[in-house]
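The values are calculated or read from the model by the stated rules, or taken from the named source; none is laboratory data. Fair warning: this is a prediction, and the values are worked out from it, not measured in the lab. We place every Cβ from the backbone using ideal geometry, glycine too, and count neighbours over all the protein chains shown.
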RNA sequence: GGCCCGUUCGUCUAAGGGUUAGGACACCACCCUUUCACGGUGGUGAUACGAGUUCGAAUCUCGUACGGGCUACCA
């Protein structure tokens, strides 16, 4: 890592130089094991924003090398999520590109040579230990043969590797014989002793590790698949990744990756790294369980686990707009330094900067998330909402035939909706007379005077020459005053007649949109009902 | 247990040695509105603790406490 002159060890200059000297290429590497949760989507988002900001490439490759956890359908789900969020990759399984294949399982054969090279160079070794032997090793150092809370696991590291069955302890001939016989084995990295592995995190600054304290991670599994550690380094190199961003949970494995870069390709080719803070739930790291427990989604879209047949609700189905979703996610751990909170995707791309991402974890607040959606609903114009609202109404058995009315209704109603499904309650009554009226809200104060008022009002409406909010309101108040009733006392009954309940836009606005015929019909129906 | 990361209102955060520690969500009050909202005005509310450096510390250093992550042939 050096800047152009190679003299000034300044991270910022190095960083700027790296931006100038190579094309920005970032990647997201999901494992197809389930739904994409908030943290996952935010990782995608920050990767995407960074790539787009510097006119770079955003690549998605799939980590499907753990077959025991592979879930059919999860890969498609992940790409569907990216599509919904508007964060589509430039290169991926689905989008093609010149660095494929983009599934690790399809790259399987390519990883072993790198692991073998490490062995040749003395940085890795074959290990033949069986699961039972490993278990025995982990039990061994425990005092009095008892596992305790304080001392429960033991690493496969420099303190024990010379007591295990591997190519460091076995004679060369025996190792070769075992390999020739096709004995199950893994390849482990040989972590050096007393070295410091360090790097400059774009968010946290310098982070360093004592290599003596890191274990000899498996690089190549017995089935020939690479572990994440080998795969991420090899693929990032081959795919020319310039910046690698991932969650904070990866920070402890950084020394392994740093060493692999050093041994395999040279540290000067290692991407710039940043580790994002975790997104926390009410009681700790946000988990799938938090969703059902506290009643908010944790996945971007509905995830139906084919193994358990368990459905986890998503933000999409809950009624969030994708624009609001990425907005709220972007602000969970980043801000642009001003007081602006509502950002379009284009603004986020323009203003995003990795240096302003927080280093501390952020607790997810569902109330604030809903506020973002509300703001976006208000910000949206009617045409932006037609499709979704129509779909929701249809789902609830309401067919819209009058498109002019439909637009007017959306306009009248959208500011009072927080989530998309709120449109159903707020607008159904415009297209379909309420099936039940909240009689209890009217009955106690209902009397003949009021009844007569509405009978007279119907007549007045029937002959009205003007049909708009102002005219309706004026004639209503005139008539009420003339009959010696306070107009205010009549507004609630009028609302119940038209809407069925105590909600919706201003009552005269509703009457205006409903039109003369429907308004009179509803008053008549209600009068009959109230008696 | 070991290693790593972190710590400003209940929550998300601003403040890069000098501010009455600012904003947003939530909450409360009032205004608007005789529905519910939107909107407007105001209010309650924070630098984890202890040392040190400094004329001056939320800010720099150290320690303590607390929280989180990792410690798999999972990613």
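A few notes on this one:
- Complete set of residues in region A:207-217 that are without any contact (Cβ under 8 Å) to a residue 40 or more places away in the chain and either part of a strand (DSSP E or B) or over 22 Å from residue A:247 (Cβ atoms) (or both): A:208, A:210
- Enumeration of residues in region A:188-214 that are within 7 Å of RNA strand B (Cβ to nearest atom) and in contact with a strand residue (DSSP E or B) (Cβ under 9 Å, 6 or more places away or on another chain): A:204, A:207, A:208, A:209, A:210
- Output for region A:297-317, where each listed residue is crowded, with 19+ Cβ neighbours inside 10 Å and under 25 Å from residue A:384 (Cα atoms): A:297, A:299, A:300, A:301, A:314, A:315, A:316
- Test: residue in region A:372-381 that is buried (at least 16 other Cβ atoms within 10 Å of the Cβ), closer than 18 Å to residue A:42 by Cβ and out of contact with any helix residue (DSSP H, G or I) (no Cβ under 6 Å at 6 or more places or on another chain): no
- Cβ-Cβ under 9 Å pairs, at least 6 apart or on other chains, region A:146-163 side near RNA strand B (Cβ under 9 Å from one of its atoms), far side at pLDDT below 50: A:148/A:142; A:151/A:142; A:151/A:143; A:152/A:142; A:153/A:147; A:154/A:142
- Cβ pairs under 7 Å, 6+ apart, first in region A:121-141 and over 15 Å from residue A:165 (Cα atoms) and within 13 Å of RNA strand B (Cβ to nearest atom), second at pLDDT below 90 and not in a helix (DSSP H, G or I): A:141/A:154
- Candidates A:488, A:482, filtered to the one that is modelled with pLDDT under 95 and either within 45 Å of the chain's Cα centre (by Cα) or near RNA strand B (Cβ under 9 Å from one of its atoms) (or both): A:488
- In region A:494-530, residue farthest from the chain's Cα centre (by Cα) [restricted to those that are part of a helix (DSSP H, G or I), in contact (Cβ under 8 Å) with a residue 24 or more places away in the chain and within 11 Å of RNA strand B (Cβ to nearest atom)]: A:494
- Criterion applied to A:528, A:447, A:468 was being at pLDDT below 95 and under 30 Å from residue A:415 (Cβ atoms), and the one residue passing it is A:468.
- Considering A:406, A:429, A:423, the condition of being in a helix (DSSP H, G or I), within 16 Å of RNA strand B (Cβ to nearest atom), under 25 Å from residue A:322 (Cα atoms) and at pLDDT 95 or above is satisfied by A:423 alone.
- Residues of region A:244-272 that turn out to be over 21 Å from the mean Cα position of the chain (by Cα), outside any helix (DSSP H, G or I) and in contact (Cβ under 8 Å) with a residue 24 or more places away in the chain, as a count: 4
- Within region A:284-315, the residues that satisfy the criterion of being in a strand (DSSP E or B) and under 15 Å from residue A:85 (Cα atoms) are A:299, A:314.
- Unmet criterion (only one of (1) more than 10 Å from RNA strand B (Cβ to nearest atom); (2) farther than 22 Å from residue A:266 by Cα; (3) in contact with a strand residue (DSSP E or B) (Cβ under 8 Å, 6 or more places away or on another chain)) for residue A:181: (3)
- Complete set of residues in region A:63-73 that are touching a residue at least 24 places away in the same chain (Cβ under 8 Å) and within 11 Å of RNA strand B (Cβ to nearest atom): A:63, A:64, A:65, A:66, A:67, A:69, A:70
- Flag if residue A:191 is touching a residue at least 40 places away in the same chain (Cβ under 8 Å) and buried (at least 20 other Cβ atoms within 10 Å of the Cβ): yes
- Residues satisfying the criterion are absent from region A:473-493 (criterion: touching a residue at least 60 places away in the same chain (Cβ under 8 Å) and not in a helix (DSSP H, G or I)).
- Counting only residues that are in a helix (DSSP H, G or I), surrounded by fewer than 23 Cβ atoms within 10 Å (Cβ to Cβ) and out of contact with any strand residue (DSSP E or B) (no Cβ under 7 Å at 6 or more places or on another chain), region A:223-233 holds 1 of them.
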